[in-house]
Structures are given as C-alpha cells and as structure tokens.
Amino acid sequence: KHGTPVIAISENRIKHNYNTFKKYMPRVEVHYAVKSNGHRGVLNILRNCGSNFDVASFAEIEYLLSIGVDATRMIYSNPVKMEQDIVRAYNVGVEWFVYDSDAEIKKLARYAPESEVVLRVTAPNNHTMYKLSSKFGTDPKHAIRLLLKAKKAGLNPTGLTFNAGSHTLGA
C-alpha cells in the first residue's frame, strides 16, 4: 500500500524514551545526534521535549534552525571543521564546539572566540564494527595539554567527549 521504504514514528514512544532517560539521568543534558535520524517529525518531538542537539555539519545546523531550534541548543560535534563552517555556526549563535587538536584550537580561537569547547578523546573499543577512535579524538595523555591550550587561547574548555564506536557487537 505504501511502498518502500516506510518509516513509522511513534510520538508517544519518543517522548516516553526521552522522559525516561531524563528521569534516571536528571543532571544530563541530552544532545540528540541529528545524523542518527534527521527526520523532521523526530526532531520536532525532541525539540518540544526540551532536547538539545548534536550536529556534525553546517547543513544540520541550517536544518534545525529552519524548524525553530535555537542555535544555543546545538553542539557542533565534528572535531574537524572547515573555517567557513565555524564562522557560519558562530554567527548564527552556536556556542558549543568539539575539538581534538592544536589546529582546531587555533581555528576556534580565531573564528569562534570565547566559545565553550569540549575535547574529544579516544575511547578504544574492540567490540564495534566501526572503530571511530581511529578517526577522531586525541590520545588521553594529551588531554591536559589541549585543555590548558584551549583556555590560554581564550576558549572555555568545559569537558570531555568520546565516541565508543558504531554497531557495538558486545563483549
């Protein structure tokens, strides 16, 4: 009747899952990864629940802005960004950025001064199909140096982040 592909979205299930997560982790600010499912219906439900958003590109920022998400509710989580995308994100009001290198500190200090920054560290996980720590993130032994360097560059380092990988296969 509908052809393929078909997506069925349960607004009640999304709200229930979001609220359950917040109930058991009340001090955690949820940042939903737009790249995991950027369907307008899903994003609108999460926006209305109070979710923040994890964006990996300026296109995702533009899309969220177009559906009424304030830029201050976004974290630009791609640790390697083009200078022009940093400028555009900063100019529309994105205040949070992820970094993992000296080069990214230099770009952020120049194009997004005084921003909140979060350092991405590696988190090796041998039980995933896609080991993203080999692609992004700094070795934890460099974390203190990079946090201090970001602070010295006029940024506001506020924490650490990691990606455990994709398609976890179990231990």
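Residues whose amide H lies under 5 Å from that of Val117, counting only those 5 or more places away or on a different chain, are Phe97, Asn156, Thr158; hydrogens are built 1.01 Å from N in the peptide plane.
The heavy atoms of Glu114 present about 150 square angstrom of accessible area, all protein chains included, probe 1.4 Å. Shape of the stretch 1-76 from its Cα gyration tensor (a ≥ b ≥ c, root eigenvalues): rounded if a/c is under 1.5, otherwise prolate when a/b > b/c, or oblate? It is oblate, given that a/c is not under 1.5 and a/b is not larger than b/c. By accessible area, using a 1.4 Å probe on protein heavy atoms only, the chain has 54% of its surface on carbon and sulfur. The residues of the chain present an accessible area of 60 Å² per residue when probed at 1.4 Å with all protein chains retained. Solvent-accessible area of Asp139, all protein chains in place: 70 Å² (probe radius 1.4 Å, heavy atoms, ligands and nucleic acids excluded).
Within a straight-line Cα-Cα reach of under 16 Å, Lys107 can be paired with the following aspartates and glutamates, leaving aside sequence neighbours fewer than 8 residues apart in one chain: Glu83, Asp85, Glu95, Glu116. Report summary: the helix-based calculation at 222 nm, which adds -39500 (n - 2.57) for every DSSP H run with n ≥ 4 and divides by the residues of the chain, gives -11000 deg cm²/dmol. Taking amide H as placed 1.01 Å from N in the peptide plane, Asp54 has its amide H under 5 Å from the amide H of Tyr32, Ala33, Val34, Ile75, each at least 5 places away in sequence or on another chain.
Equivalent-ellipsoid semi-axes for the chain (Cα gyration tensor, √(5λ), whole Å, largest first): 29, 21, 15. Shown are Lys81, Lys106, whose ranking by accessible area with a 1.4 Å probe and every protein chain present, most to least, is Lys106, Lys81.
The values are calculated or read from the model by the stated rules, or taken from the named source; none is laboratory data. Note that the structure is predicted; figures quoted are calculated from it, not measured. Ligands, DNA and RNA are excluded from the accessible area calculation, which covers all protein heavy atoms including side chains. Shrake-Rupley method; radii C 1.70, N 1.55, O 1.52, S 1.80 Å.
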